[in-house]
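The values are calculated or read from the model by the stated rules, or taken from the named source; none is laboratory data. Here the structure is a predicted model, which means the values were calculated and not measured. Virtual Cβ from ideal backbone geometry, glycine too; neighbours counted across all protein chains shown.
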Number of protein chains: 2
Amino acid sequence: MDEQVLLTGAGGRVGEAVLRELGDEYDWRLLFHNPPDEEPDHEYRIGDVDDGDDVAKAVEGVGAVVHLAGDPRPSAPWDSVMRHNIDGTHNVYEAAVDEGVEKFVYASSNHAVGAYETDERTPEMYRAGDEFRLDGTELPRPGNHYGVSKASCEVMGRYYHDEYGISVCNIRIGNLTEGHPPIDYERGQAMWLSYPDCARIHRCALEADYEFETVYGISDNDRKYYSLERAREVLGYDPQDNSAEWDGDEKTV
Amino acid sequence: MDEQVLLTGAGGRVGEAVLRELGDEYDWRLLFHNPPDEEPDHEYRIGDVDDGDDVAKAVEGVGAVVHLAGDPRPSAPWDSVMRHNIDGTHNVYEAAVDEGVEKFVYASSNHAVGAYETDERTPEMYRAGDEFRLDGTELPRPGNHYGVSKASCEVMGRYYHDEYGISVCNIRIGNLTEGHPPIDYERGQAMWLSYPDCARIHRCALEADYEFETVYGISDNDRKYYSLERAREVLGYDPQDNSAEWDGDEKTV
């Protein structure tokens, strides 16, 4: 990707993971919701994805978008996710197709499929050896309003791809933590995404050729119920981390 | 269904088809967006699904909801479908679960999957003998913002079912016309839904036992690319009309 890349939600954790590893690899333009505490190393704007004018200015001239902005709280109320996530993502897609953007990487979430974690399947599905897998071809089953908003934006991306030809990659991000995987939390270990692997899958989504994809963004954990097959095959994602290599906050392998 | 049934969007065409055939079968409460021209035969309210208070009053005490209200235009702009369709449906679901409603029938649309009608598949897929079928298990591919809103509300229903246990049936309604099927319009003939069959599938959705279903609402047309299998099996839908039995506006069989 030689052209400038817009990253929205630059103040969030996914943005932090991406920029830490890929800060020098791309000519970034960052969109922050609130003024950053420290002066960023990249061109940046302050703006709100709810505001079509802010978004149009942010998207102007870029060749790709990594859209992370939105209310990130799994417990977020409907009005907030409708406005910040659903309507905000619509604004970014509209600006992107107006601008002729080629590639749109969308931060979806494990919460888009959270209701597959039924009482019958848990906690077994969180454990190594269990064979239950979601692979991105299944219909969403959100576990909360936040997940409803993420699933809605996934299908919104399908529309923008089909209608305008823009390449769209929905990444259902797992449990992103800095440093060690979650401790005493089997579910979090099963969907752990390390910071370096988070950057890797975003690099792949910016570099690979594809039409419309929905993939899972997790590390190569022994425990897992999300398939990495599609991300490996289509994006060339090669995760390097595994929650099984940790004992608490100590890496053992 | 012995309890009262709320029908929203009572002034629309689907509502007209349902009430014409099933007016005497249920104790209806109707929600109109605008005051009706003639005094309805049933209890009714005037209100807006965008308004949570209007909706709460409309849902109070009912045992089932047939939710048809929304902007019905395939060309409707985003702001309208976001407000009237997505946010409106959220209001109705919230009120329904608050009220302990058992069954929620949602008028989805063929436009939720309109982008399956690609240049490669059409017009062949509209013709009798073509074997392409959508059966409700496929991921949505909306062809317009209206379709995005319908697909978003389908997955919203999945959430409300999983979280609260309410039975949800999404009916992807085809091309509903009064009297004869569309003339000189292969696509419309393939997804024709007669008024009597529209009433039939809504009766089935009110009577059958199910958890969460997404079915196609069309007549038993010789031309078809939507499977009726799931509606037949789970709902017991037995359509009686077929666009092939018509030559223009004349019934020939």
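Candidates are the residues of the stretch B:203-221 that are farther than 22 Å from B:GLU138 by Cβ and among the charged types (D, E, K, R); the one that is farthest from the chain's Cα centre (by Cα) is B:ASP209. Within the stretch A:61-115, the set of residues being within 12 Å of another protein chain (Cβ to nearest Cβ), buried (at least 20 other Cβ atoms within 10 Å of the Cβ) and either among the aliphatic types (A, V, I, L, M) or in contact with a Leu (Cβ under 7 Å, 6 or more places away or on another chain) (or both) comprises A:VAL81, A:MET82, A:ILE86, A:ALA112, A:VAL113.
Screening A:GLY236, A:GLY188, A:GLY217 for residues that are touching a residue at least 12 places away in the same chain (Cβ under 8 Å) and at positive phi leaves exactly one candidate, A:GLY236. Of the residues that make up the stretch A:60-82, is at least one farther than 21 Å from A:LEU193 by Cα and either polar (S, T, N, Q) or at pLDDT below 95 (or both)? Yes. The condition (being buried (at least 17 other Cβ atoms within 10 Å of the Cβ), within 26 Å of A:GLU25 (Cβ to Cβ), within 14 Å of another protein chain (Cβ to nearest Cβ) and within 13 Å of the chain's Cα centre (by Cα)) is satisfied by just one residue among A:ARG172, A:ARG200: A:ARG172.
When we screen A:TYR159, A:TYR126 for residues that are away from chain B (no Cβ under 13 Å), out of contact with any strand residue (DSSP E or B) (no Cβ under 9 Å at 6 or more places or on another chain), buried (at least 19 other Cβ atoms within 10 Å of the Cβ) and of a type in the set (Phe, Trp, Tyr), the only hit is A:TYR126. Scan the stretch B:133-152 and give yes if some residue there is in contact with a helix residue (DSSP H, G or I) (Cβ under 6 Å, 6 or more places away or on another chain) and over 25 Å from A:PHE212 (Cα atoms), otherwise no. So far as the stretch B:133-152 goes, no, none of its residues is in contact with a helix residue (DSSP H, G or I) (Cβ under 6 Å, 6 or more places away or on another chain) and over 25 Å from A:PHE212 (Cα atoms). For first residues located in the stretch A:58-76 and over 24 Å from A:CYS204 (Cβ atoms), partners that are among the charged types (D, E, K, R) and surrounded by fewer than 24 Cβ atoms within 10 Å (Cβ to Cβ) and lie 6+ apart or on another chain with Cβ distances below 7 Å form the pairs A:GLU60/A:GLU99.
Taking the stretch A:130-148 as the range and being more than 9 Å from chain B (Cβ to nearest Cβ) and either among the β-branched types (Val, Ile, Thr) or touching a residue at least 12 places away in the same chain (Cβ under 8 Å) (or both) as the test, the residues that pass are A:ASP130, A:PHE132, A:ARG133, A:LEU134, A:ASP135, A:GLY136, A:TYR146. Say whether the condition of being out of contact with any Phe, Trp or Tyr (no Cβ under 9 Å at 6 or more places or on another chain) and of a type outside the set (Asp, Glu) is met by at least one residue in the stretch B:216-227. For the stretch B:216-227, residues out of contact with any Phe, Trp or Tyr (no Cβ under 9 Å at 6 or more places or on another chain) and of a type outside the set (Asp, Glu): absent. Across the stretch B:55-81, the number of residues qualifying as more than 19 Å from B:GLU16 (Cβ to Cβ) and more than 18 Å from the chain's Cα centre (by Cα) comes to 12. Against the numbered list (1) farther than 24 Å from A:GLY174 by Cβ; (2) more than 19 Å from the chain's Cα centre (by Cα); (3) touching a residue at least 40 places away in the same chain (Cβ under 8 Å), A:ARG45 comes up short only at (3).
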